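Student: Sharing a structure, written as structure tokens. Questions coming.
The values are calculated or read from the model by the stated rules, or taken from the named source; none is laboratory data. This structure is a prediction, so every number in the text was calculated from the model and none was measured. Heads up, the Cβs are rebuilt from the backbone with ideal geometry, glycines too, and the neighbour counts pull from every protein chain shown.
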Ligand SMILES: *[C@@H]1O[C@H](CO)[C@@H](O)[C@H](O)[C@H]1NC(C)=O
């Protein structure tokens with residue numbers, strides 16, 4: 001439909017930058033440096049945690065927990081001397097990666113058939129129950145070879161292209177019986193770069209359930225006899241079951257080059273639908289905004305002209321409009337509140353703190369997406385996205401502090417000490433507190449998804465040592481700046497506000513304003529949620545970038561409109577109104593996550609649902625702060641502009 005493939009753009013651009021630059025080696029981030037192997041060299045296979053995945057039967061995801069590969073109940077063979085952890089980035093750990101060494105012996109270009117991984121393992125009934133349950137929940141194994149995830153091959157029926165999906169099944173359910181996959185057919189694609197120099201460019205695993213497999217060798221001889229595929233490996237929940245883990249390795253020459261080896265993993269499901277929706281919502285939203293803002297701009301220009309003309313006639317206030325010439329009907333009364341519109345709102349401290357934090361989130365999100373679009377945060381660089389987000393958020397504490405104190409100053413704030421303390425602590429403490437609580441549940445379930453205590457300490461440390469001082473420095477700088485003059489003077493005595501009606505009441509106006517920004521981005525939201533909850537790779541940052549832009553434009557435009565109507569109704573309490581109605585799209589995001597739960601997820605435990613709800617609330621709250629800030633600043637500019645163009649003595 002559309003010739004441009006935006007999803008390919010980032011990777012292509014990054015490759016272009018990388019290959020065109022003489023600094024190639026300096027540019028390669030760890031994890032993407034190619035490794036060359038000679039024939040027979042050991043290629044390390046590392047193992048990551050087990051994650052729940054979508055079931056093939058009804059596309060539901062049934063769990064939110066993940067488990068350590070060497071969890072005792074699974075009885076996977078550890079390497080000699082015990083598994084070692086591979087060091088990872090902060091973001092990688094936060095998002096659950098637990099990478100460890102494995103006993104698999106893969107030698108470049110050495111094919112193997114049916115080798116045992118270790119001695120026979122015995123499953124107790126209790127453990128069998130545990131593993132069977134994980135098979136019912138479609139748990140996947142996640143292996144890594146040379147930084148590439150081991151995948152399964154899928155065919156996209158719509159486009160008829162095949163692609164690799166990271167992870168392969170722990171077992172499968174057939175005839176209402178969970179079968180354990182105890183044999184792995186490992187296919188590795190190698191690409192020859194020079195004589196006797198090879199690179200790993202793809203890895204597929206086809207697991208099988210083969211009962212009656214046995215190890216026959218002893219000592220270093222791991223040969224085995226694999227059972228035939230007619231007899232499946234079942235785990236008995238009443239008596240002990242013995243299982244032999246076996247694997248075969250096939251090396252296949254491939255023409256895929258190292259630079260493009262990720263392409264197969266980054267498959268776009270139905271790019272047409274994606275495009276269709278994005279363009280669709282963009283057009284509708286842009287049309288609406290264009291239309292309404294033209295009308296608004298014209299009305300405003302007329303208003304301002306008329307107000308200023310009346311001013312020349314010497315009519316200070318035309319509340320008694322009866323004697324005004326040429327039948328001007330008073331249809332907009334926003335001028336009437338000019339003496340109150342810059343009156344500081346109630347709870348100005350809280351609003352300043354929220355707006356400051358929103359600005360911090362906004363810049364963090366903007367920069368992260370921008371980095372991702374140019375390809376710096378590619379999925380081949382595990383955890384880089386989350387790490388960069390955390391670092392940016394920490395450093396932008398400065399912006400948060402500065403913005404909140406500038407806003408507070410314009411509100412004639414006096415409780416400066418409180419502002420300095422609350423800005424860096426209120427929102428982060430709430431987020432971290434919730435995160436910590438939810439993490440306790442994960443930890444209680446013995447899931448490996450629980451963030452280790454030391455990582456928690458590191459996060460608190462980073463926040464305390466870098467973010468807090470930066471925020472305070474920013475606040476201090478903002479505090480030292482002269483107060484921005486309001487374009488019109490504020491009266492001593494506040495005006496009476498007439499009661500508002502219909503959609504101008506707070507709640508209806510929030511519902512109304514929130515729906516449009518949500519509409520602009522909900523397609524992308526679906527893909528982001530998919531990658532969060534069913535462990536898919538998210539990498540369509542081009543789309544995300546566009547959606548983010550749409551979100552900003554829509555939130556700003558709709559909120560300005562609402563505030564205009566509110567001011568016309570002689571209600572000058574616009575500050576909180578702007579923040580809350582623009583932030584109201586968070587309510588829709590939360591409602592959408594409930595819908596997503598109903599459609600895509602099916603938790604078999606109470607804690608699963610609780611975790612999902614908790615994280616959804618957390619995300620919605622951050623969303624509220626971020627998009628509320630967009631609306632607030634849009635209206636800030638708007639209000640300053642329109643009252644600035646009035647001639648008032
Ligand atoms: C390994 O097996 C594959 C597929 O049968 C074959 O193409 C390849 O040449 C074999 N490699 C070696 C070193 O025998």
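Student: Select from the stretch 397-422 the residues that are more than 13 Å from residue 356 (Cα to Cα), in contact (Cβ under 8 Å) with a residue 24 or more places away in the chain and either outside the structural domain of residue 349 (by TED's automatic domain parsing) or part of a helix (DSSP H, G or I) (or both) and list them in ascending order.
Tutor: Selection gives 410, 416, 418.
Student: Is there any pair with a first residue in the stretch 88-104 that is free of Cβ contacts under 8 Å to residues at least 40 places away in the same chain and a second that is buried (at least 20 other Cβ atoms within 10 Å of the Cβ) whose Cβ atoms are under 8 Å apart and which are 6 or more apart or on different chains, and what are they?
Tutor: Correct list of pairs: 103/117.
Student: Tell me the strands (runs of 3 or more DSSP E) entirely within the stretch 182-294 that contain at least 3 residues that are within 16 Å of the ligand (Cβ to nearest atom).
Tutor: 183-194, 197-208, 246-253
Student: Can you work out which of the residues in the stretch 136-181 that are at pLDDT 90 or above, over 16 Å from residue 97 (Cα atoms) and assigned to a loop (DSSP other than H, G, I, E, B) is nearest to the chain's Cα centre (by Cα)?
Tutor: Once the filter is applied, the top-ranked residue is 170.
Student: Looking at (1) modelled with pLDDT of 85 or more; (2) crowded, with 17+ Cβ neighbours inside 10 Å; (3) not assigned by TED's automatic domain parsing to the domain that holds residue 288, which is the only condition residue 504 fails?
Tutor: Result: residue 504 fails condition (1) only.
Student: Right, something else. Just to be sure before I move on: is residue 88 more than 30 Å from residue 225 (Cα to Cα) and more than 16 Å from the ligand (Cβ to nearest atom) in the structure I sent?
Tutor: Spelling it out, residue 88 is indeed more than 30 Å from residue 225 (Cα to Cα) and more than 16 Å from the ligand (Cβ to nearest atom).
Student: Which residue, of 520, 473, is touching a residue at least 40 places away in the same chain (Cβ under 8 Å) and under 24 Å from residue 352 (Cβ atoms)?
Tutor: On inspection, the qualifying residue turns out to be 473.
Student: Please work out if residue 471 is in contact with a strand residue (DSSP E or B) (Cβ under 6 Å, 6 or more places away or on another chain) and in the same structural domain as residue 434 (by TED's automatic domain parsing).
Tutor: no
Student: For the stretch 92-110, enumerate the residues that are within 38 Å of the chain's Cα centre (by Cα), modelled with pLDDT of 90 or more and within 16 Å of the ligand (Cβ to nearest atom).
Tutor: 106, 107, 108
Student: So for the stretch 111-129 (the condition being touching a strand residue (DSSP E or B) at 6+ places or on another chain (Cβ under 7 Å), within 30 Å of residue 457 (Cα to Cα) and at pLDDT 85 or above), does at least one residue qualify?
Tutor: Scanning the stretch 111-129 turns up no residue that is touching a strand residue (DSSP E or B) at 6+ places or on another chain (Cβ under 7 Å), within 30 Å of residue 457 (Cα to Cα) and at pLDDT 85 or above.
Student: Quick one: which residue in 178, 149, 166 is under 18 Å from residue 210 (Cα atoms) and either surrounded by 16 or more Cβ atoms within 10 Å (Cβ to Cβ) or in contact with a strand residue (DSSP E or B) (Cβ under 8 Å, 6 or more places away or on another chain) (or both)?
Tutor: Of the residues listed, the single one that is under 18 Å from residue 210 (Cα atoms) and either surrounded by 16 or more Cβ atoms within 10 Å (Cβ to Cβ) or in contact with a strand residue (DSSP E or B) (Cβ under 8 Å, 6 or more places away or on another chain) (or both) is 178.
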